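As structure tokens, the structure follows; a few thoughts come after it.
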Amino acid sequence: MFNPNLFRDKKIWIIGAGGIGSNSAYVLSKMGLKVKVCDFDEVDDVNTSSQFYSMDQLWKPKVEMLKQNIKQMCDEDIEIVNSKYEPWMFDDCDILILALDSLAVRKQVVETCKDTQFILDTRMVKKIAQINLLYWMQRKTRMEKEWREDADANNAGTRCTEKAVAFNALGMAALVGSIVADKLNGKELKYQYTLDLESYNLYVFNS
């Protein structure tokens with residue numbers, strides 16, 4: 001069972017309000033948790049197939065539209081920051097969800113966050129949704145390999161959620177919500193969770 005009233009003081013930050021970030025904000029808000037979202041982008045016409053926005057919100061700030069939509073759908077108020085990431089923004093958060101395209105910013109976040117902060121590094125491509133849990137002791141060594149491997153894909157110019165459809169993003173958001181709930185409930189977690197929406201399997205890795 002999950003009782004959100006026990007965790008109303010927990011601060012959950014999401015960097016990025018795209019396919020992963022916007023839908024995760026919706027799921028976590030539905031769970032009764034307090035969420036804060038940072039993004040500087042506007043809603044684009046390619047976003048509406050997989051992100052928590054509508055066509056009448058095109059070219060408006062994502063975080064403002066997300067706040068409006070979540071208030072309407074969940075009756076919850078999220079906090080928003082309509083700007084690029086800055087390290088000082090996240091000093092007070094307990095759980096940090098990386099839901100952005102830039103590998104350089106992901107690296108910067110991991111290198112500057114506090115040891116006490118719990119990080120979910122989310123990746124989505126085609127029908128694969130993957131979450132790496134970054135515990136402070138292994139952050140640098142665990143991420144160096146992923147950064148190198150992802151650099152080629154990032155340089156190719158295709159954003160990870162650009163061609164995603166709704167079931168990909170919602171599958172990821174469900175996985176994010178489940179992991180956050182388990183973390184808050186004190187359940188022991190693993191290091192990587194990979195949801196394969198082609199075979200409908202969830203793979204869990206200890207290292």
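Coordinate-derived values only; no laboratory data. None of these values were measured; they are calculated from a predicted model. Cβ atoms come from the backbone with ideal geometry, glycine included; neighbour counts cover every protein chain shown.
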### Task
Would you mind ranking 191, 26 by Cβ crowding within 10 Å, fewest neighbours first?
191, 26
### Task
Return the subset of 107/187; 62/187; 127/190; 60/84; 62/114; 34/84 for which the Cα-Cα distance in this structure is over 23 Å, preserving the input order.
107/187; 62/187; 62/114
### Message
With the crude spin-label approximation of a point 7 Å out along Cα→Cβ, what separation in nm comes out for residue 102 versus residue 5?
### Response
4.2
### Query
Can you give the calculated 222 nm mean residue ellipticity of the chain, where each DSSP H run of n ≥ 4 adds -39,500 (n - 2.57) and the sum is split over every residue, rounded to the nearest 500 deg cm²/dmol?
-11000 deg cm²/dmol
### Query
Under the classification rounded if a/c is under 1.5, otherwise prolate if a/b is larger than b/c and oblate if not, where does the chain fall, given a ≥ b ≥ c as square roots of the Cα gyration tensor eigenvalues?
rounded
